[in-house]
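S.K.: Sharing a structure, written as structure tokens. Questions coming.
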Amino acid sequence: MRTLRLVTTLAVAGLLAGGVALVAATPASAATAVFSVTNNWGNGYQGQVTVTNNTSAQITSWRVEFDLPSPSSVSQSWNAQQAASGSHYTFTNVSWNGTLAAGASTSFGFLVNGTGTPLNCTVNGAACAGGPPPTTPPPTTPPPTTPPPTTGTPVERYGQLRVCGTTMCDKNGARVQLRGISSMWLNWETAPYAENLSALRWMRDNWNLQVIRAAMGVEPAGAYLSDPNKARTQVETIINNAVTAGVYVIVDWHAHEAQNNQSQAVAFFGDLARRYGHLPNVIWEPYNEPLQVSWTNVIKPYHQAVVSAIRAADPDNIVVLGTPTWSQDVDVAAASPVSGTNLMYTLHFYSCTHGSSLRAKGDAAIRAGLALFVTEWGASNADGGLDGRACLPEAQSWIDWMKANGISWTAWKLDVGTDTTNLLSPGAPVTGGWNNYLHGHAPFVVSNMR
Ligand code: MG
């Protein structure tokens, strides 16, 4: 007879920063309930359930059910198919995690609005057991953790990425914070730095770069709309180089009024998703920086159209969605998120212009359940640093905030010029070897990638 052992893992309170605490209730049956602390924000929390096949034979499906005391409710979940009837929730396996070998485990996660914890838990109709949630804080002894792998390319280490709650996880379900750089507008590069494989390898090996962003200009003369073959070729070169170098690559539709060219964006991303969506390297970014236009009436419908085109060919790679006001109003997006899976939202900052009030918007979005990705930032004014000034103390506050929240980032921008955010100084070869060519905020960026 097949029996299942269910391990219920709940984020209850912020008792351990970045750690997990366990307490096992004495089981009345073969099941055990284990509660852990991962993330909590007072009026809600992130929960996780681990299903373990405790039999000697393979199983091919599982179903977990529980009640949440009103008014608590599940706002979103991942790695399981969720259904609800009133306060009763049912989670069934998705296609890739239903089959469990003897002794194997899999997990799904969910966000709860409210502080109520699951009651009357069953797995495949039998009691999960393990008893109710503990009423005393768990002990602070963390479980043994597997140290992250330190060899191989970034993609070899992390593999297929996915959104897990409000952050990004690697193929093993561990939180990952990618760090890297953005190209210049590809139509305005002074030299083809972003398209050079040797340079990419050099940044990977010397800067610890894990991700490069291909900022494909759309609207200016010479960019995608007027020379699509050139722009697409540049992007495909960067994708292919990223695959060779084993780093991640963001395909960025670098536009400010993309809703005016939605059909072109749908065609572009649909085409690339068909040809590159099977690769773990690729991250899609359909709209760099919308202007001050309506999220619900303009930007969100655009995203829904492009995400649909991507998902028709690529069911799983992460899509990072631009937000109003040059990708600052993530709190507005959080009030009406785009439906779908593995979606993140773009936050951009420039530290001479943006400080704690913009981080507060980010905090609000995270509390509402959004996963953020900073696909551009600079230790400069919002114009990229035309005056050459750098604001490093505020940039450090941002670096600390992104690290604390597991927010991945790519810094603006890989080119030669006088702006603070130009990473390279004149004479920098296109093939890398830039130790004597760092410019502007580059030393700060590089030191925070390592
Ligand atoms: Mg894919």
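The values are calculated or read from the model by the stated rules, or taken from the named source; none is laboratory data. Predicted, not measured: the structure shown is a model, and the values here were computed from it. We place every Cβ from the backbone using ideal geometry, glycine too, and count neighbours over all the protein chains shown. Just so you know, the surface numbers come from the protein's heavy atoms only, side chains and all, with ligands and any DNA or RNA stripped out. Shrake-Rupley method; radii C 1.70, N 1.55, O 1.52, S 1.80 Å.
S.K.: On the basis of being within 16 Å of the ligand (Cβ to nearest atom) and not aromatic (F, W, Y), does V251 make the cut?
M.R.: On the way: within 16 Å of the ligand (Cβ to nearest atom): yes; not aromatic (F, W, Y): yes.
Considered against the rule, which asks whether it is within 16 Å of the ligand (Cβ to nearest atom) and not aromatic (F, W, Y), V251 comes out as yes.
S.K.: Does A199 qualify as being in contact (Cβ under 8 Å) with a residue 12 or more places away in the chain and touching a Gly at 6+ places or on another chain (Cβ under 6 Å)? Show your work before the answer.
M.R.: Values: in contact (Cβ under 8 Å) with a residue 12 or more places away in the chain: yes; touching a Gly at 6+ places or on another chain (Cβ under 6 Å): yes.
The answer is yes for A199.
S.K.: Also, quick follow-up: Can you confirm whether the stretch 214-232 contains a residue that is within 28 Å of P443 (Cβ to Cβ) and surrounded by fewer than 24 Cβ atoms within 10 Å (Cβ to Cβ)? First the steps, then the outcome.
M.R.: Taking the stretch 214-232 and keeping what is within 28 Å of P443 (Cβ to Cβ), we get 214-217.
Narrowing the set further to residues that are surrounded by fewer than 24 Cβ atoms within 10 Å (Cβ to Cβ) leaves none.
Checked against the condition, which is being within 28 Å of P443 (Cβ to Cβ) and surrounded by fewer than 24 Cβ atoms within 10 Å (Cβ to Cβ), the stretch 214-232 yields no hits at all.
S.K.: Which one of L209, L186, L197 is open to solvent by less than 60 Å² (accessible area, probe 1.4 Å) and under 22 Å from the mean Cα position of the chain (by Cα)? Show your work before the answer.
M.R.: On the way: L186 fails: under 22 Å from the mean Cα position of the chain (by Cα); L197 fails: under 22 Å from the mean Cα position of the chain (by Cα).
So the residue among L209, L186, L197 that is open to solvent by less than 60 Å² (accessible area, probe 1.4 Å) and under 22 Å from the mean Cα position of the chain (by Cα) is L209.
S.K.: If you don't mind, another one. Can you give me the number of residues within the stretch 85-108 that are modelled with pLDDT of 85 or more and either part of a strand (DSSP E or B) or closer than 13 Å to V64 by Cβ (or both)?
M.R.: 8
S.K.: Please list, ordered by residue number, the helices (runs of 4 or more DSSP H) wholly in the stretch 260-377 having 3 or more residues that are within 15 Å of the ligand (Cβ to nearest atom) and of a type outside the set (K, R).
M.R.: Details: elements: 262-276, 300-311, 324-327, 330-334, 356-367.
Once the helices (runs of 4 or more DSSP H) in the stretch 260-377 are filtered for at least 3 residues that are within 15 Å of the ligand (Cβ to nearest atom) and of a type outside the set (K, R), what remains is 262-276, 300-311.
S.K.: Next question. Say we look at the stretch 311-325 and pick out the residues that are out of contact with any Gly (no Cβ under 7 Å at 6 or more places or on another chain) and among the polar types (S, T, N, Q); which of these is farthest from F373 (Cα to Cα)?
M.R.: Selected residue: T325.
S.K.: Do you know which residues across the stretch 330-343 are in contact with a Phe, Trp or Tyr (Cβ under 9 Å, 6 or more places away or on another chain), of a type outside the set (V, I, T) and surrounded by fewer than 22 Cβ atoms within 10 Å (Cβ to Cβ)?
M.R.: Of the residues in the stretch 330-343, the ones in contact with a Phe, Trp or Tyr (Cβ under 9 Å, 6 or more places away or on another chain) are 330, 332-338, 341-342.
Restricting the remaining residues to those that are of a type outside the set (V, I, T) gives 333-337, 342.
If the condition is that a residue be in contact with a Phe, Trp or Tyr (Cβ under 9 Å, 6 or more places away or on another chain), of a type outside the set (V, I, T) and surrounded by fewer than 22 Cβ atoms within 10 Å (Cβ to Cβ), then A334, A335, S336, P337 are the ones that fit.
S.K.: Say we look at the stretch 27-67 and pick out the residues that are polar (S, T, N, Q) and within 21 Å of Q81 (Cα to Cα); which of these is modelled with the highest pLDDT?
M.R.: Kept after step one, since they are polar (S, T, N, Q), are these residues of the stretch 27-67: 29, 32, 36, 38-40, 43, 46, 48, 50, 52-56, 58, 60-61.
Then keep just the ones that are within 21 Å of Q81 (Cα to Cα); that gives 46, 48, 50, 52-53, 58, 60-61.
Values: Q46: 67, Q48: 80, T50: 87, T52: 88, N53: 85, Q58: 85, T60: 88, S61: 91.
The qualifying residue modelled with the highest pLDDT is S61.
S.K.: Additional query: With (1) open to solvent by 40 Å² or more (accessible area, probe 1.4 Å); (2) farther than 22 Å from L186 by Cα as the list, and Q262 as the residue in question, which single condition is left unmet?
M.R.: Exception for Q262: condition (2).
S.K.: Could I ask something else about it? What's the number of the condition P69 fails, among (1) in contact with a strand residue (DSSP E or B) (Cβ under 6 Å, 6 or more places away or on another chain); (2) touching a residue at least 12 places away in the same chain (Cβ under 8 Å); (3) more than 21 Å from C169 (Cβ to Cβ)?
M.R.: Against the list (1) in contact with a strand residue (DSSP E or B) (Cβ under 6 Å, 6 or more places away or on another chain); (2) touching a residue at least 12 places away in the same chain (Cβ under 8 Å); (3) more than 21 Å from C169 (Cβ to Cβ), P69 comes up short only on (1).
S.K.: Just need a number here: residues in the stretch 399-450 that are of a type in the set (K, R) and either surrounded by fewer than 16 Cβ atoms within 10 Å (Cβ to Cβ) or over 20 Å from V249 (Cα atoms) (or both). I'd like the intermediate steps shown before the answer.
M.R.: Keep residues of the stretch 399-450 that are of a type in the set (K, R), which gives 403, 413, 450.
Those left that are additionally either surrounded by fewer than 16 Cβ atoms within 10 Å (Cβ to Cβ) or over 20 Å from V249 (Cα atoms) (or both): 403, 450.
Within the stretch 399-450, residues that are of a type in the set (K, R) and either surrounded by fewer than 16 Cβ atoms within 10 Å (Cβ to Cβ) or over 20 Å from V249 (Cα atoms) (or both) number 2.
S.K.: While we're on this one: Among the residues of the stretch 282-300, count how many are open to solvent by 10 Å² or more (accessible area, probe 1.4 Å) and in contact (Cβ under 8 Å) with a residue 40 or more places away in the chain.
M.R.: Going residue by residue through the stretch 282-300, those that are open to solvent by 10 Å² or more (accessible area, probe 1.4 Å) are 289, 291-294, 296-298, 300.
Add one more test, that the residue is in contact (Cβ under 8 Å) with a residue 40 or more places away in the chain, and what stays is 289, 296.
Selection size over the stretch 282-300: 2.
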